[in-house]
Amino acid sequence: MAERIEQRLEDRIPELEQLERVGLFTRKEIRAVLRKASALEYKIQRRALRKEDFINYIQYEVNLLELIKKRRARIGYSFKKDEIEHSILHRVHSLFNRATGKWKDDVQLWLSHVAFCKQWNAKHQLSKVFSTMLAIHSNKPALWIMAAKWEMETRLSSESARHLFLRALRFHPECPKLYQEYFRMELMHAEKQRKEKKEFEQAKMDLGEFSYSEEILNGEMARIVYRDASQKIKGVEFQLAVLSIAKLFDFTQDLQKEILESLQARYADDPLTWDYMARRELELGSLPPTEQTTKQQKVSEMAQREERCCAVFDEAVRAVPTEDMWKCYITFCLERYNRKTNSAELKQKRLERTLSVFSKAHESNLLSEALYKQWLQLLLDSNLSDKAVEVAEAATRHFSQSVEIWQMRLQVLIQLKRDDVTQCFEEAIKHVKSKGTLPLWTLWVEWSEGMNSKEDTEALYQRSLHATMPAESVTMKEMYLDWTYRNRGYKKVKRLFTSLCENRPFSIDFFRKMIQIEKEQESCKMLHLREYYERALREFGSTNTDLWLDYIKEELSHPQGKPENCGSIHWRAMKMLQEDLVEDFVSKYTLLQTGHL
């Protein structure tokens, strides 16, 4: 192994001598490079190879290349690149080849090699890398697309790109993304040939025997790809994706027409088809703006285009009366409403149209829970409070089990300061199952704190403890404790704490809240703090290291504390804590003893 490493280091000597001779590196830097290279070489020649060692070696060589590049720019020296950079590049490629040969499944390693080849313009080497990578990772369409794009865009070889796409489709005959990119590539090839032909014609050059095929110039190859793909790939999403690609090229009108006809014929019942056809009306018939076009004319034209869109949507919801179809219609209306405009008339028209569509969808019983929320928000933003109350009530009839819908209705009533809030809360609790009602109870008690008497609020807190699930009652206990302290005082909250401790479960914040309340008293008693800490440790002593440390700090800092108790608390913590937490506790306890915590 040592002989091999010595040989590899000797192979470096010519390039290092050149670096010193031309003044890019000093003798001291050359020695440092040799020492570092020697250490890195030993690591990659071990019997048990590690990927990190190869990555570190490659990164070192890349950094060296970057440094040489900067030094060349600084002193203005651009010669001897074959003797210096070429040998370093060859070594990096060799390292990458060894690493990817050893860890073939690591796609990121392959992509790093690809990125390196692109950065240093190693086209011949990159072609080999793609070839080897695709032989191993033929199951990844994204890699095929990357290789084909490089052939098309960098090497300007549409034939090689086409060959790669055809090979990829043999492995992935039903991959939409592959077909989309193949379709795009054929259109790019046609566009490139059209530009070439135009330039030749403008230069009036004689092409001799060479001639451009009219079929290829008109995108016939892309049409073949589309037809083949549409037989294998079902779904309107693919058709729309291909159509959006075709629209990027100005010579594809016939192809776009064919895709559109296929879309309407095969997917007439799909909401996305109708959505596309409706939105298309925004683009059709729009006149190019001129200097004479007034602001009012622009607004009028936009309003007409939107009306045409809505006419298509109206036909769509009659032909395909589904929730998804109404969702497409409403989404379109909301998008238009949210667009900025200086015309108050257009804004009002958009609002009226949106509210009308919401109402029609509601009457058809095809409005989803999420859309009810958007409808309510729109009504509130538009100051239509009475209608908002009506819609909220209708939403809870349709989705009587939904906590979020009830919560939204209650928030509307509270915001509008209605008298039937309590009645609505009762109705909500009756309809919704006990599991998941916590948001309703928290909203109820928060509202009650501001509106009802203390007695009514306390009764509500008591009721919530029994009505919620045990896991959710934890939050209510914390809120009840906090409210009692703020409104009833220390003695009352102490009695309540003792009472609540009779029924599990608890949260650690429940105990910490009581500890904090005790510490806020003028005559804070250590006896009470010990009681609260001990109660908390019975519940959370095996899982919480901070609780033990806080207990120890309290004994050390409180005027009535007993520092001699710290040893026994530490011993108990070591016994009670889970095994994986003991080390963390010991380190924190050490920091505490040395005054660093």
Calculated FRET value between Lys28 and Val107, using beta carbons and R₀ = 56 Å, to 0.05: 0.90
Cα-based reach from Lys204 at 20 Å (exclusive), listing lysines while leaving out same-chain residues under 8 positions away: Lys192, Lys195
Calculate, for the chain, the solvent-accessible area per residue in square angstrom, rolling a 1.4 angstrom probe over the heavy atoms of the protein chains. 55 Å²
Just want to confirm a number: the relative contact order over the chain, from Cα pairs under 8 angstrom separated by 6+ residues, in percent. 4 percent
What pairs in Lys81/Lys104; Lys81/Lys149; Lys28/Lys70; Lys257/Lys295; Lys234/Lys373 have C-alpha atoms more than 25 Å from each other? Lys81/Lys104; Lys81/Lys149; Lys257/Lys295; Lys234/Lys373
Rg followed by Dmax, in Å, when region 1-143 is reduced to its Cα trace: 16.2, 50
Check the straight Cα-Cα distances from Lys417 and name the aspartates and glutamates below 13 Å, setting aside those fewer than 8 residues away within the same chain. Asp386
At a Förster radius of 56 Å, what calculated FRET efficiency corresponds to the Cβ-Cβ distance of Leu591 and Glu393, to the nearest 0.05? 0.45
Region 528-596 shape via C-alpha gyration tensor axes, a/c threshold 1.5: oblate
Compute the distance in nm between two label points, each set 7 Å from the Cα along the Cα-to-Cβ direction, one at Leu556 and one at Leu284. 7.9 nm
Number of Lys pairs (Cα under 22 Å; 8 or more positions apart or on different chains) in region 428-531: 23
Please list, or write none, the aspartates and glutamates whose alpha carbon is within less than 15 Å of the alpha carbon of Lys349, excluding same-chain residues fewer than 8 places away. Glu301, Glu306, Glu307, Glu335
For region 338-475, calculate the relative contact order in percent as a whole number, restricting contacts to Cα pairs under 8 Å that are 6 or more residues apart. 15 percent
Where nothing but the Cβ of Lys and Arg (+1) and of Asp and Glu (-1) is charged, how large is the charge dipole of region 43-173 around its Cα centre, in debye to the nearest 20? 240 debye
Plugging the Cβ-Cβ distance of Val299 and Asn383 into 1/(1 + (r/R0)^6) at R0 = 25 Å yields, to the nearest 0.05, a FRET efficiency of 0.55
Distance in nm between pseudo-label sites at Lys80 and Ser356 (7 Å out along the Cβ direction from Cα): 8.1 nm
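Relative contact order, percent, of region 134-256 when contacts are C-alpha pairs under 8 Å separated by at least 6 residues?
It comes to 24 percent, rounded to a whole number.
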Counting Lys and Arg as +1 and Asp and Glu as -1 over every other residue whose Cβ sits under 12 Å from the Cβ of Gln264, the net charge comes to -1
Shape category assigned to region 386-538 from the gyration tensor of Cα positions, a/c cut at 1.5: prolate
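Only Lys, Arg, Asp and Glu count, each charged at its Cβ (+1, +1, -1, -1), so figure out the dipole size of region 528-596 about its Cα centre, rounded to 20 debye. If you can, show how the numbers build up before the last one.
Numbers: 8 positive and 12 negative charges, 45 e Å.
It comes to approximately 220 debye.
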Total charge dipole magnitude, the chain, about the Cα centre, Cβ charges on Lys, Arg, Asp, Glu only, Debye to nearest 20: 1900 debye
Rh (Kirkwood; distinct C-alpha pairs) - the chain, Å: 33.3 Å
On the accessible surface of the chain, probed at 1.4 Å, how many percent belong to carbon and sulfur atoms? 50 percent
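The values are calculated or read from the model by the stated rules, or taken from the named source; none is laboratory data. Predicted model only: the values in this text are computed from it and were never measured. Here the Cβ is made from the backbone with ideal geometry for all residues, glycine too, and neighbour counts use every protein chain on show. The protein model used for the area step is the full one, side chains on, heavy atoms only, and it has no ligands, DNA or RNA in it. Shrake-Rupley method; radii C 1.70, N 1.55, O 1.52, S 1.80 Å.
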